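Structure first, then comments.
Only the coordinates and a few stated rules stand behind these numbers; no lab work does. Please read these numbers as outputs of a predicted model, since none were measured by experiment. Cβ placement follows ideal geometry from the backbone for every residue including glycine, while neighbour counts extend to all protein chains displayed.
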Amino acid sequence: MYADLLFTGGPVLTPEGRTATAVAVSGGRITAVGRDEVLDLRGPRTEVVDLAGRLLLPGFQDAHVHPVPAGLELTQCDLTGTKTAAETVAAVRAYADAHPERAWITGGGWSMEAFEGGTPTKALLDAVVPDRPVYLPNRDHHGAWVNSRALELAGITRDTPDPADGRIERDASGSGEPSGTLQEGAMQLVGRLAPAATPADRLAALLHAQRHLHALGITAWQDALIGDFLGMDDPAGAYLTAARDGSLTARVVGALWWDRERGAEQIPELAARRAALSHGRFRAGTVKMMLDGVAETGTAALLDPYLDRCGCATANRGTSFIDPGQLPKYVTELDALGFQCHFHALGDRAVRDALDAIEAARTANGQSDTRPHLAHLQVVHPDDVPRFARLGATANIQPLWAAHEPQMDELTIPFLGPERAAWQYPFGALLRSGATLAAGSDWPVSSPDPLEGIHVAVNRRTPDADGAPVFLPAERIGLAEALTAYTAGSAYVNHLDDTGQVRAGALADLVVLDRDPFDVPPAEIAATRVALTYVGGARVYAAQGA
């Protein structure tokens, strides 16, 4: 039988390396991988793609991403890419001036390093938007910048106590007056008042984000938050609509949000949601458990205290959002029901808590195929590195963060100290220990471009580093290993076992790059672009001139 689609004339990345030069596809699956002999499958109706020396590889998969919030931010006050306080404030003014009809100014994506101490003030916003409430999460969505009008509407004053899972930043004068930045759970004090997106807004945001992700070669992903969290819109309805009407062209796993203010009583509800939300290319068989916050705000959970600016130990060890004493019980029960657990774990204490819970589940239930994974892994105690492979816990890495940049050098390293700073993002150590690596972006926290992430994983420098030192060079990994994390590794996490590799019988989720990145210097990997993207043999993206 002749092939529907035939790729020829370039290197093909297979599990065995780059020895193949041709791939045939029929009925949405790969039917042959090889060299000239595959060309015999060309028929009168076969579509032939000339690789012209470009690399063909499996479609990228993002193992931790938030497409709907990202799509919504792109249509609101998008501060992504602003680098200074003046530039950020000017962008807010421009958006507010262009949208006088908006009752609230919402959006986000600002960088903490643009502001002293990472905490912008309400005065900066009051100067450009004095008459309407402003609510703008930062790029990691663990903090929000608000103006006086928003604080007023929320009833937040100097007498308002911090919520148990968050912090209201206060004026430096000691008056207790809210300064304009809300951390973690305190975000919800204002976020719950902001206008919610409509179902049509969320669907449009999903489809907009999907187009963007396909253009980056992404054919599948795990949405790391299906549910209600700190005012973020639940994307479940958008996914179901798109899955039912066929507009969801990607393959998506939804991670159901674990309400950290509740306990095991929510597990039957999660099981019911799993059944109700799984349809077509969307499945909701994962539970997302946010164990801690982020290091830059001192909320990532650490085994030992943070340091202050003078290098002395403080009383702060970060925040555990889920009771570590109860976590093993929750994870054991979820594992017994066949749920995958997806942990947000940045600090070394959160990482250890997650691994302890997985170990408890393995002890109680035996080895299973639930494939738990830990995302972010900013600080990992060396004693815990070998536990990943032993427990079958996948390391879900966000490579773009593993580089010297202001947020790392000014807001993180000084407060960790030199020993713990050297434990950050241990990609190489995890790989050497036998752990499976998956990879993701956490978009809109950072760029969803896998090739940028691969560049940093290989170089431990950002593409625009301009001579910055390599960040912990022993933790670099090779190009092949980085590509595997973004393909087979993430496919494993997503239980998409017939994707992630170019082999006969696999689904034809494929990407053609504009070059072969193995033939360019490592410092030029990020210059690589996606030319073509296919899902199930159907083209979902083509670059101009591709």
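Suppose only helical runs count, i.e. DSSP H with n ≥ 4. What mean residue ellipticity at 222 nm does that imply for the chain under -39500 (n - 2.57) per run, divided by all residues and rounded to the nearest 500 deg cm²/dmol?
-7500 deg cm²/dmol
Based on alpha-carbon centroids, what's the gap between the range 86-162 and the range 345-364 in Å, whole number please?
The distance from the Cα centre of the range 86-162 to that of the range 345-364 comes to 36 Å.
Could you work out the relative contact order of the range 104-191, using alpha carbon pairs under 8 angstrom and six or more residues apart, expressed as a whole percent?
With pairs under 8 Å counted, the relative contact order is 28 percent.
Check cross-link reach from K122 to the aspartates and glutamates: straight Cα distance under 14 Å, and skip same-chain residues fewer than eight apart.
Leaving aside aspartates and glutamates fewer than 8 places away in the same chain, those within reach of K122 are D131, E152, E169, D171, E177.
Under 19 Å from a point 7 Å along the Cα-to-Cβ line of T84: which residues of the range 93-127 have their amide N that close?
Residues passing the 19 Å test: 93-95, 110-121, 124-125, 127.
Among (i) 120, 50, 48; (ii) 100, 66, 48; (iii) 79, 55, 52, which is the computed Cα extents along the principal axes in Å?
(iii)
Explain nothing, just the number: relative contact order of the chain, from Cα pairs under 8 Å at least 6 residues apart, as a whole percent.
16
Compute the length gained on full extension between L303 and R158: take 0.36 nm times their separation in residues and subtract their Cα-Cα distance, giving the result in nm to one decimal.
49.0 nm
On a full-extension model of 0.36 nm per residue, what is the gain between R390 and C310, subtracting their alpha-carbon distance, rounded to one decimal in nm?
24.9 nm
Calculated FRET efficiency, A336 and E16, Cβ-Cβ r, R0 45 Å, to nearest 0.05?
The calculated FRET efficiency here is 0.75.
Between the range 1-37 and the range 464-483, what is the separation of their alpha carbon centroids in Å?
31
What is the distance, in nm, between label points placed 7 Å from the Cα along the Cα-to-Cβ direction at R503 and at A474?
3.4
Based on alpha-carbon centroids, what's the gap between the range 367-394 and the range 187-212 in Å, whole number please?
Rounded to whole Å, the Cα centres lie 32 Å apart.
So what's the angle, to the nearest 10 degrees on a 0 to 90 scale, between helix 450-459 and the longest Cα principal axis of the chain?
It is inclined by approximately 80 degrees.
Hey, if you drop one equal point scatterer on each alpha-carbon of the range 173-226 and run the Debye formula without solvent, what base-10 log of I(q)/I(0) do you get at q = 0.20, 0.21, 0.28 Å⁻¹?
Cα-only, vacuum Debye calculation for the range 173-226: -0.90, -0.94, -1.11.
Please arrange H342, H373 by counting, for each residue, the other beta carbons lying within 10 Å of its beta carbon, fewest first.
H342, H373
Give the residue list of GluC sites (Glu not before Pro) in the range 1-106 that are DSSP loop and have at most 15 other beta-carbon atoms within 10 angstrom.
In loop regions of the range 1-106 (DSSP not H, G, I, E or B), the sparsely surrounded GluC sites (Glu not before Pro) are E16, E101.
Using the Cβ atoms and a cut-off under 13 Å, what net charge is assigned to the surroundings of P100, where Lys and Arg are +1 and Asp and Glu are -1?
Once positives and negatives cancel, what remains is 0.
Got the relative contact order for the range 199-493 handy, in percent, Cα pairs under 8 Å and 6 or more residues apart?
Rounded, it is 13 percent for the range 199-493.
Return the FRET efficiency for the residue pair A52, R244: r is the Cβ-Cβ distance, R0 is 30 Å, and the value is rounded to the nearest 0.05.
My answer for the efficiency is 0.20.
Leaving out same-chain residues fewer than 8 places away, which lysines sit with a Cα under 18 Å from that of K288?
The reachable lysines, counting only those whose Cα sits under 18 Å from K288, are K329.
I'd like the FRET efficiency for D40 and D466, computed as 1/(1 + (r/R0)^6) with the beta carbon distance as r and R0 of 56 Å, rounded to 0.05.
It comes out at approximately 0.65.
Against the longest principal axis of the chain, how steep is helix 85-98, in degrees 0 to 90 to the nearest 10, with axes from Cα atoms?
Approximately 80 degrees, to the nearest 10.
Can you check what the net charge comes to around F321, using other residues whose Cβ is under 14 Å from the Cβ of F321 (Lys, Arg +1; Asp, Glu -1)?
-1
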